[in-house]
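Attaching a single structure in structure tokens format; questions to follow.
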Amino acid sequence: MEPLLHATQLEKSFKENHAVKGIDIAINPGECLALLGPNGAGKTTTVEMLEGLIEPDKGTISIFGKTLNAANRREIMTRIGVTLQENQLYKKMTVKETVQLFRSFYPAGISPDEAIAIVSLQDKANDRLEHLSGGQKQRTYLACALVNNPELVFLDEPTTGLDPQSRRKIWELLAQLKQQNKSILLTTHYMEEASFLADRIVIVDHGSVIAEGTTEDLIQKYCGGQALQFSFVDPVAVDAERLKADLPWIADSKLVDNQYELVTEDPVPLVADISAWAKTHSSPLKQIAIRPSTLEDVFLTLTGRSIRDA
């Protein structure tokens, strides 16, 4: 199966900042690919090159079997949809007027009413954008991205700032798009979102791809086992150096928001270790828990940062 999008050895620099350093990305028909990375990792620059917003210094981008260049750009753009992280649409326009405006940009597609129905905003069609909730605005932007009936959709942080209910509604809409065999490139800071929607994950850091695979494959390869989490009632009073000296495995843990996190195949003896240490050194534990490893653990292991801090 030929990839719908295929980018090879992409590079991009901004003065002294070498933002992207030889990234390869492929998206297959009907696939949702999640691109994850800390801020400054080169994620946004990569996506903007794939969307045709900026040109790479080196490398090639092929979409629908055509090289993304000046000669093919217009044809390719009519077959993709894009939602940006920050949208500056005119807030005095209604939902329907906004979608009609975007429909006018394309030679073919679906009707504005159809696009609005896809995102379940029929009852808000005549409401101005300024009167919509955050989730309703995001669904309007998604309708604008779908009005040309694209084969490939770029979604940059589509649910950032939304409440859980609105976020779940967007997830359901995107899952329906996948069922229609549309391809999706998703960037997100929500690991649950990536796990729920993405068929494949690409993690970038310092301008390069550092891991790629399904959620299950990445967890098995980089984490396996289970995650042990624990924290102290008074973290300031804990002698961190003594803790590391007495329990060498602490060196393999990450400290996030005063909580130690460690991925291990067998957490039971570690629970006994830390419980005994806390009692001996009069440093009571606030909480201790064992849970299955997640994509968040993969990200933390590979980048040294939680996605919440990235």
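The values are calculated or read from the model by the stated rules, or taken from the named source; none is laboratory data. The structure presented is a predicted model; accordingly, all values stated were derived computationally and were not measured. We place every Cβ from the backbone using ideal geometry, glycine too, and count neighbours over all the protein chains shown. With ligands, DNA and RNA removed, areas are computed over all heavy atoms of the protein, side chains included. Shrake-Rupley method; radii C 1.70, N 1.55, O 1.52, S 1.80 Å.
Output the helices (runs of 4 or more DSSP H) that fall wholly within segment 117-228 and possess 3 or more residues being without any contact (Cβ under 8 Å) to a residue 24 or more places away in the chain, or say none.
Details: elements: 134-146, 164-179, 191-197, 215-222.
Counting at least 3 such residues, we get 164-179, 215-222.
Then there is this: In this structure, is Gly161 loosely packed, with under 15 Cβ neighbours inside 10 Å, over 19 Å from Leu33 (Cα atoms) and touching a helix residue (DSSP H, G or I) at 6+ places or on another chain (Cβ under 9 Å)?
yes
Suppose the filter is open to solvent by 60 Å² or more (accessible area, probe 1.4 Å) and over 25 Å from the mean Cα position of the chain (by Cα); does Leu101 pass it? Talk me through it step by step, then tell me what you get.
On the way: open to solvent by 60 Å² or more (accessible area, probe 1.4 Å): yes; over 25 Å from the mean Cα position of the chain (by Cα): yes.
For Leu101, the condition - open to solvent by 60 Å² or more (accessible area, probe 1.4 Å) and over 25 Å from the mean Cα position of the chain (by Cα) - is met.
Residues Gly42, Gly30, Gly59: which one is more than 30 Å from Pro112 (Cβ to Cβ) and under 20 Å from the mean Cα position of the chain (by Cα)?
Working: Gly30 fails: more than 30 Å from Pro112 (Cβ to Cβ); Gly59 fails: under 20 Å from the mean Cα position of the chain (by Cα).
None of the others qualify; the one that does is Gly42.
Kindly list the number of the only condition in (1) more than 14 Å from the chain's Cα centre (by Cα); (2) open to solvent by 10 Å² or more (accessible area, probe 1.4 Å); (3) closer than 13 Å to Thr83 by Cα that fails for Lys178.
The one condition Lys178 does not meet is (3).
Name the residue that is surrounded by the most Cβ atoms within 10 Å (Cβ to Cβ), counting only residues in segment 21-72 that are without any contact (Cβ under 8 Å) to a residue 12 or more places away in the chain and among the acidic types (Asp, Glu). Outline the logic, then answer.
At the first step, the residues of segment 21-72 found to be without any contact (Cβ under 8 Å) to a residue 12 or more places away in the chain are 40, 48, 53, 55, 66-67, 69-72.
Add one more test, that the residue is among the acidic types (Asp, Glu), and what stays is 48, 55.
Details: Glu48: 18, Glu55: 12.
So, considering only residues that are without any contact (Cβ under 8 Å) to a residue 12 or more places away in the chain and among the acidic types (Asp, Glu), the one surrounded by the most Cβ atoms within 10 Å (Cβ to Cβ) is Glu48.
Go over the candidates Lys137, Lys91 one by one and state the one that is farther than 26 Å from Ile25 by Cα, in contact with a strand residue (DSSP E or B) (Cβ under 8 Å, 6 or more places away or on another chain), modelled with pLDDT under 95 and open to solvent by 10 Å² or more (accessible area, probe 1.4 Å).
Numbers: Lys137 fails: in contact with a strand residue (DSSP E or B) (Cβ under 8 Å, 6 or more places away or on another chain).
That would be Lys91, the only listed residue that is farther than 26 Å from Ile25 by Cα, in contact with a strand residue (DSSP E or B) (Cβ under 8 Å, 6 or more places away or on another chain), modelled with pLDDT under 95 and open to solvent by 10 Å² or more (accessible area, probe 1.4 Å).
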